[in-house]
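Q: To start, I am sharing the structure in question, which I have written as structure tokens.
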Amino acid sequence: MSETKTCRQCNQSFIIEQEDLKFYDRISPTFIGKKYQIPSPKLCRDCRTQRRMSFRNERNLYNRVCDLCQKNIVSVYSPDKPNVVYCQECWWSDKWDAKDYGMEFDFNKSLSEQVSELIKKVPLPSSIVVNSVNCDYTNQCVDSKNCYLCFRCGKTEDSMYSHLPLKCIGCVDCYATTECQYCYECVDCQNCYSSFFCRLSKNLSDCILCFNCIGCKNCFGCVGLRNVEYHFFNKKLSKYSYQQKVSEYWDGTYGSLEKAKERFNKLVIETPQQAVQILHSQNAYGDYITDSKDIKNCFDVEKTEKAKYSTGVEFARDVFDSDYIYYGELCYENMSNSNSTNILFSLYSFDVTNMLYTFYCFNNSHDCFGCVGVKKCQYSVLNKKYSKEEYEKLVSKIIEHMKKTGEWGEFYQMKISPFGYNETIAHEYFALKENQVLKLGARWQDNDFSFKYKGEFYEPLNIKDYSNNQDEINKLLSGIIKCVVSNRPFKITPTELAFYIEHGIPIPTKHYNVRHKERLVLRNPRKLYNRVCMCEESGHNHPSFANLSIEASAQVEATEGKSGRCPNEFETTYASDRPEKVYCESCYHKSII
């Protein structure tokens, strides 16, 4: 039996389904023989996600000093924060022990108050950079080399200004690319080579401005093509004609590039789009889901079974209300876990088991409650170690206390996040003004630590003007460019310039944060809408409208009517007021492939 509740934050009604209640019951912990039932959430799905994301600063980096070795470091914690921050080397060393900061639980205070104290006392890692070389200006970076301002990157080399590159080489300004080489401004692309401004494409080579293309070479401005070469805005040309046409738009200037984008975007609108990107999956609802089963209201999921209300989940099982989970099982209300099992209401848990309300816990820790920064730790509360029996008795008392304070079964409140709301990914997906943030109890980062410049700005030339022109190269590299959107100053690095010259790419006129936001907008929002297929093409053998729901029937009547139209209903990330033609999976494959 489901529940209908009103969100305590946004006042919107939401439904707790029967399968949700079963999951809460399944993961409810037992201490000293008593099961402590996890109640249904007080916030709706979006507000729960927003709350978790307010604890994750991915992209804002600052210069500060390691509080142990006193070296200058790059950190996700700004220098004005009260936290103790160690460089990677010091944090992973045996020069300190998080258990030395252990506290007795105070039943006159809430758990949040006491964990907040620990977060300020226990040293925190400056960022998450693991087994990587020359990747100081990155975060959430693993097994990578020579990367600059890349975030959530893995096994990537020689790349810049990219988000979520995996096994990539020499990529610049990309988002969610896998096994790509020398690509620029690509989003959701796999196994692409020397391709620029491409989206949702696979196995491309030497392509520019392509959307939803697979196995194509030397294509410009194309949409929905498969295994073709020398196509210009979906028209087949000879090699010579293709090169002539491309040169009209790809001349090293932004003016020509913008004209090409305008024509390309029009073609994208005119070409049918698939409702969602779900591949090789069963009973899956959401977007960008691959090789998974029993997925509901999730986004960016791969090789996972049974997940709900989650984002960025890979190789996992039984995950509800969690984000950025890698090889996790039995996770609820978590943010950033890897190789972990039975983790509840926690952040940054790596190689741990049976953790509740923990923060930055690593290295085979297990059975911890309210701990911060521990490694190889067990049966501990607020970083203080107990026997197994003592631990269970104390945790039982704490849970009863949390029921009275209203904390039990809920993730941490935004107010104890070590970051300002506008520093976190919550601000990317749930943008708010300062007064709105403060009303939620969260903090706002007022101090601006960005690069300041009051001198004369450099105006970039046509990229061709820098070839074999060392004087102009020197002027550019020593100059400061003013972002045409944010007015923020930024520089071009030598490696970056070499990439632009080699590939004939115009010098950017926008700050890298602005470019990132523009790429983010190219992806559909993480929200599902009920729609009816818009296909009216003949020969598709559309079924009858007899079984169409009343809501869907009204939607069809309000647009083109029922004549010749496919009646298939589906959930999609395309809202009904979007201009794209959205098809069900069957009609899409008949039309495109």
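Q: In deg cm²/dmol, rounded to 500, what helix-only [θ] at 222 nm does the chain give when every DSSP H run of at least 4 residues adds -39500 (n - 2.57) and the total is split over its residues?
A: -6500 deg cm²/dmol
Q: A follow-up question, please. Please arrange M414, M355 by counting, for each residue, the other beta carbons lying within 10 Å of its beta carbon, fewest first.
A: Placing the least packed residue first, the sequence is M414, M355.
Q: Rounded to whole Å and sorted largest first, list the principal axis extents of the Cα atoms in the chain.
A: If we take the Cα atoms of the chain, the spans are 79, 71, 40 Å.
Q: Continuing with this model, one more query. In whole Hz, with x marking every Gly and Pro, tabulate ³J(HN,Hα) for segment 228-234 from phi via Karplus 6.51 cos²θ - 1.76 cosθ + 1.60, θ = phi - 60°.
A: Working through the residues one at a time gives 10, 9, 6, 10, 10, 6, 6 Hz.
Q: Another question about this same structure. Looking only at the chain, where both bridge partners belong to it, what percent of the DSSP beta bridges are antiparallel (to the nearest 5)?
A: Around 20 percent antiparallel, to the nearest 5.
Q: How big, on average over all directions, is the shadow cast by the Cα convex hull of segment 1-130, in nm²?
A: Average of the hull's projected areas for segment 1-130 equals 11.8 nm².
Q: Tell me, what is the percent relative contact order of segment 3-43, built from C-alpha pairs under 8 Å that lie six or more residues apart?
A: Reported as a whole number, the value is 38 percent.
Q: Could you work out how far the C-alpha centroid of segment 1-60 sits from that of segment 84-108, in angstrom?
A: Spelled out, the Cα-based centre of one part sits 30 Å from the other.
Q: Binning every alpha carbon pair distance of segment 418-535 at 10 Å from zero, what are the percents per bin?
A: With 10 Å bins starting at 0, P(r) equals 11, 30, 27, 19, 11, 2.
Q: To the nearest 20 debye, what is the magnitude of the charge dipole of segment 3-43 about its Cα centre, counting +1 on the Cβ of each Lys and Arg and -1 on the Cβ of each Asp and Glu?
A: Its charge dipole is roughly 220 debye.
Q: Return the long-range amide H neighbours of V84 (sequence gap of 5 or more, or a different chain), with a cut-off of under 5 Å between placed amide H atoms.
A: L124
Q: Which one, L200, C371, L497, is farthest towards the positive end of the dipole of the chain when Lys and Arg carry +1 and Asp and Glu -1 on their Cβ?
A: Of the candidates, C371 comes out farthest on the positive side.
Q: In sequence order, what are the phi-derived ³J(HN,Hα) couplings for segment 569-575 according to the Karplus relation 6.51 cos²θ - 1.76 cosθ + 1.60 with θ = phi - 60°, rounded to whole Hz, with x for glycine and proline?
A: 9, 7, 9, 8, 8, 8, 5
Q: Take the alpha-carbon centre of segment 325-369, take the same for segment 438-467, and report the distance between them in whole Å.
A: With segment 325-369 and segment 438-467 each reduced to a Cα centre, they are spaced 36 Å.
Q: Continuing with this model, one more query. Would you grab the residues whose amide H sits under 5 Å from the one on N337? Only those 5+ places off in sequence or on another chain, please, with H modelled 1.01 Å from N.
A: I325, Y326, S349
Q: Enumerate the calculated ³J(HN,Hα) couplings along segment 91-100 in order (Karplus 6.51 cos²θ - 1.76 cosθ + 1.60, θ = phi - 60°), each rounded to whole Hz, writing x wherever the residue is Gly or Pro.
A: Result, ordered by residue: 5, 8, 7, 9, 7, 8, 9, 4, 5, 5 Hz.
Q: In nm, what is the difference between 0.36 nm times the number of residues separating K439 and V133 and their Cα-Cα distance?
A: Full extension of this stretch gives 106.0 nm more.
Q: Under unit Cβ charges (Lys, Arg +1; Asp, Glu -1), what dipole magnitude, rounded to 20 debye, does segment 422-514 have relative to its Cα centre?
A: 340 debye
Q: So if each residue of separation counts as 0.36 nm, and I subtract the Cα-Cα distance between H503 and E580, what length gain in nm does that give?
A: Full extension of this stretch gives 24.6 nm more.
Q: Over segment 463-522, calculate the relative contact order: mean separation of alpha carbon pairs under 8 Å at least 6 apart, over the residue count, as a percent.
A: About 35 percent, as a whole number.
Q: What distance in nm lies between label points placed 7 Å from Cα along the C-beta direction at K35 and Q70?
A: It works out to 5.7 nm between the two label points.
Q: Compute, for the chain, the length of the dipole vector about the Cα centre, with Cβ point charges of +1 (Lys, Arg) and -1 (Asp, Glu) only. Units Debye, rounded to 20.
A: Value, rounded to 20: 500 debye.
Q: Looking at segment 432-531, which GluC sites (Glu not before Pro) are in a loop (DSSP not H, G, I, E or B) and have at most 15 other Cβ atoms within 10 Å?
A: E456
Q: Mind listing the long-range amide H neighbours of G221? Cut-off is under 5 Å, sequence gap 5 or more, other chains count too, H placed in the peptide plane at 1.01 Å from N.
A: I208, L209, C210, F233
Q: So if I restrict to the alpha-carbon atoms in segment 64-216, what is the Rg, and what is Dmax, the biggest pairwise distance, in Å?
A: Rg then Dmax for segment 64-216, in Å: 20.2, 65.
Q: Structure shown: which of K81/K109; K95/K415; K121/K375 lie over 26 Å apart, alpha-carbon to alpha-carbon?
A: Going by Cα-Cα distance, K95/K415 fall outside the 26 Å limit.
Q: Among N11, C87, P123, whose Cα projects farthest towards the positive end of the dipole of the chain, with charges put on the beta-carbon of Lys, Arg (+1) and Asp, Glu (-1)?
A: Positive-end residue among those listed: N11.
None of the figures in this text is laboratory data; all of them are computed from the coordinates on show. Just so it is clear, the structure is predicted and the values come from calculations on it, not from any experiment. Methodologically, a virtual Cβ is constructed for each residue, glycine included, from the backbone with ideal geometry; neighbour enumeration extends over all protein chains shown.
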